[in-house]
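Pasting in a structure now, in structure tokens, and then I'll have a few things to ask.
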Amino acid sequence: MQILHISCKFYHNRYIILKLTNVMKTSILKNQQYQTCIDACNNCAECCEACCTECMSNAEIAGMMGRCMMMCRDCADMCRMASMMMARGSEYAKQMCNMCADICEACAMECEKMGGKMEICKECAEMCKKCAQECRNMMR
């Protein structure tokens, strides 16, 4: 039996991010050694999506946030793909993590540029850096 816990996080009273987490796990991940990186990738993907949404919803600066939004979308997609490949034990998981780290670092740099305009961009940059580090650790 699986029990799910729903947690919410508010950003500037504008939107809610819902995250479902397993409270009781019923199966053991095949590749447990990847779990830290999988978690970092999933958290980064969530944060990138939130950053992109927040940037799009701010009409007065959305025009100058175009590159930031595109980087966040690419980063979120790459993080999800890396997470899935690690979870299934793909023989290409390490190569995907290397590419994911590259994109996370680029996204972090772009979000840092916008951090003065949007708090979520600062948070996203930090999450991307953490994910990049975890993905680099996979290469060892």
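Since Cys128 meets every condition but one in (1) modelled with pLDDT under 95; (2) buried (at least 23 other Cβ atoms within 10 Å of the Cβ); (3) not polar (S, T, N, Q), which condition does it not meet?
(1)
Kindly indicate whether Glu91 is part of a helix (DSSP H, G or I), closer than 28 Å to Tyr34 by Cβ and open to solvent by 10 Å² or more (accessible area, probe 1.4 Å).
So Glu91 fails the test.
Given the conditions (1) assigned to a helix (DSSP H, G or I); (2) of a type outside the set (D, E, K, R); (3) modelled with pLDDT under 95, and given that Gln133 satisfies all but one, which numbered condition is not satisfied?
(3)
Moving to a separate point now. Mind counting the residues in segment 40-57 that are over 9 Å from the mean Cα position of the chain (by Cα) and open to solvent by 30 Å² or more (accessible area, probe 1.4 Å)?
From segment 40-57, those over 9 Å from the mean Cα position of the chain (by Cα) are 50-57; that's our starting set.
Then keep just the ones that are open to solvent by 30 Å² or more (accessible area, probe 1.4 Å); that gives 53, 56-57.
Count: 3.
May I ask you to say which residue of Glu54, Glu119, Glu110 is out of contact with any Phe, Trp or Tyr (no Cβ under 9 Å at 6 or more places or on another chain), of a type in the set (Asp, Glu) and at negative phi?
Answer to the check: Glu110.
Separate question: What are the pairs, 6+ residues apart or on separate chains, where a residue within segment 46-65 that is in contact (Cβ under 8 Å) with a residue 24 or more places away in the chain and part of a helix (DSSP H, G or I) has its Cβ under 7 Å from a residue that is β-branched (Val, Ile, Thr) and open to solvent by less than 70 Å² (accessible area, probe 1.4 Å)?
Glu46/Ile17; Ala50/Ile17; Ala50/Ile120; Cys51/Ile120; Glu54/Ile120
Go through segment 61-88 and count every residue that is closer than 11 Å to Tyr34 by Cα and open to solvent by less than 60 Å² (accessible area, probe 1.4 Å).
Adding up the residues that qualify gives 5.
Please work out which residue is farthest from Cys68 (Cα to Cα), limiting yourself to segment 131-140 and to residues that are crowded, with 17+ Cβ neighbours inside 10 Å and free of Cβ contacts under 8 Å to residues at least 40 places away in the same chain.
By that ranking, first place goes to Arg136.
The values are calculated or read from the model by the stated rules, or taken from the named source; none is laboratory data. Please read these numbers as outputs of a predicted model, since none were measured by experiment. In this analysis, Cβ positions are derived from the backbone assuming ideal geometry, glycine residues included, and neighbour counts consider all displayed protein chains. The area values use the complete protein model at the heavy-atom level, side chains included, leaving out ligands, DNA and RNA. Shrake-Rupley method; radii C 1.70, N 1.55, O 1.52, S 1.80 Å.
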